[in-house]
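I have placed the structure first, in the form of structure tokens, so that the comments after it can refer back to it.
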Amino acid sequence: MELRKTQVAMPVFLAIMSLMVSQVVFAEKYSGSMSPHDRKLAEMQALKASLVRRNLPALVSPPPTPPQAVPGPRVYQVISYGADPTGKLDSTDAILKAMEDAFDGPNHGVLMQGINDLGGARIDLQGGSYLISRPLRFPSAGVGNLLISGGTLRASNDFPVDRYLIELKDESSKLQYIFEYITLRDLLIDCNYRGGAIAVINSLRTSIDNCYITRFGDTNGILVKSGHETYIRNSFLGQHITAGGDRGERNFSGTAVNLMGNDNAVTDTVIFSARVGVMISGQANLLSGVHCYNKATGFGGTGIYLRLPGLTQNRIVNSYLDYTGIVAEDPVQLQISGTFFLGDAFILLKSIAGVVRGVNIVDNMFSGSGHGIQIVQLDQRNTAFEDVDQVVVDRNSVNGMGERSTVARGSVDGNGTSWTVDFNPVLLFPDLIKHVQYTLVAREAGAFPLHAVRNVSGNRVVVETNAPVTATVYVTVNQGV
């Protein structure tokens, strides 16, 4: 850069000197012997030269203005706090100190009431693997807009079995929500069968993104309790590291994701080992693109368990239940659609108080072993389902399993005065037909018998005529609308 400045300045300097010398020489040589016309012309040339000299400095670029100092992002690198990225030494205190400094960092305003905006501060694990002996948590409630990312956390052999490696919680806080917009991204969390990985308690707009959570104990991999809008996406969870067909599958325990709150979402996530894949006990949650092969139903496992009888209000769409199924207790407002059930996986509606309303199980695919296992089953050991309304089980593709539906169509041919269509092999609920439509097509020319539905009971429809006739009777029935 200095060389370029010299190259530019030297020609300009020489030009200035040349003009000045030329003007002096010209004046000394010709001023005494010039005619008035020539003298006037010389004066004009001298004026022009002076103007050129006056403008020459503008041709030289001024030195650039040094850039103003811009504060960098608040990045708290845990190694600089003494964390051991090899995982040999306990890094708990070092990471807690980084979290404390982030907590005390500059305040960029307020999010929800009582929650300070940390401006996108980052706690950077710097690609290390860190040994953790007690939960990582902030000093108290009241911060948001912060990211923890980029490394591995491993529980020590003495980590408390009833705790979580990362805890967003503060039992003493009186705030409506204790944290907001905390993001946990690109983390591998190895619980060492000692406890759980992440607990999100009464927090708002939390993201758990691209995380691998494994070796949690007989507890939860991720616990979400109260609060709103925790989004779990693009993640992998399994108590044991396996890819299916594990010899120890019968002994899998724990729950991968436990949603004990409202308005959360689990999307594009794989659950590859646990007794229960997703446990739901809060309303208005969404599961989409979830692949569960956590523990086969035949071994006592459940892919998705909805434990909120009487007001479910959950949606399970575009997911994959792989040898493990769905259980819903007294479901009210439940949507299951666009989902693939493999390996005799089925949906079980479990009666607690005999209520099932506003349930849509439609447009799914079921594939089984050919042993006749029903795609939707009822558990009425506590009490029978008596309150059944707006239940639609229909338009499902079934291969190698027993079809069940709340809408059925059938026909019967015969000659006589009575035709019976039995819907028991198809209808889901026993002895329940709410609506009947039928058509009688007489085959004999000129026959015009009187006919009517004479009996609807035991999931059978009986149509009778007033005189013998050869005819086909077509019947459509509906149980839940």
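One table, with the values for the structure above:
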{"quantity": "Cβ-derived FRET efficiency at R0 45 Å, N251 paired with A467, nearest 0.05", "calculated": "0.10"}
{"quantity": "25 Å tail of the calculated P(r), region 75-399, as % of Cα pairs", "calculated": "51 percent"}
{"quantity": "With every protein chain in place, region 75-399: carbon and sulfur % of accessible area (1.4 Å)", "calculated": "45 percent"}
{"quantity": "Where trypsin sites (Lys or Arg not before Pro) fall in DSSP loop in region 187-277, at most 15 other Cβ within 10 Å", "calculated": "R247"}
{"quantity": "Long pairs among K350/K434; K174/K350; K169/K350; K295/K434; K174/K225, criterion Cα-Cα beyond 27 Å", "calculated": "K174/K350; K169/K350; K295/K434"}
{"quantity": "Accessible area in square angstrom per residue, region 407-478, 1.4 angstrom probe", "calculated": "55 Å²"}
{"quantity": "1.4 Å probe accessible area per residue over region 306-372, in Å²", "calculated": "35 Å²"}
{"quantity": "Anisotropy class of region 109-176 from Cα gyration tensor, a/c 1.5 cut", "calculated": "oblate"}
{"quantity": "Part-to-part distance (alpha-carbon centres) for region 76-123 and region 353-393, which is given in Å", "calculated": "49 Å"}
{"quantity": "Accessible surface, per residue, of region 105-158 when the full set of protein chains is kept, probe 1.4 Å, Å²", "calculated": "39 Å²"}
{"quantity": "Length-normalised contact order for region 160-249 - Cα pairs under 8 Å, 6+ apart - percent", "calculated": "28 percent"}
{"quantity": "Rounded percent of accessible protein surface that carbon and sulfur make up, region 407-478, 1.4 Å probe", "calculated": "49 percent"}
{"quantity": "Radius 11 Å from Cβ of V473, net charge of other residues (Lys, Arg +1; Asp, Glu -1)", "calculated": "-2"}
{"quantity": "Cα shape, region 183-323, gyration tensor, a/c 1.5 rule", "calculated": "oblate"}
{"quantity": "For region 407-478: rounded, prolate or oblate by the Cα gyration tensor [a/c cutoff 1.5]", "calculated": "prolate"}
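The values are calculated or read from the model by the stated rules, or taken from the named source; none is laboratory data. Not measured: the values here are computed from a predicted model. Glycine gets a Cβ as well: all are built from the backbone with ideal geometry, and neighbour counts include every protein chain shown. Protein only, heavy atoms only, side chains kept; ligands, DNA and RNA dropped before computing areas. Shrake-Rupley method; radii C 1.70, N 1.55, O 1.52, S 1.80 Å.
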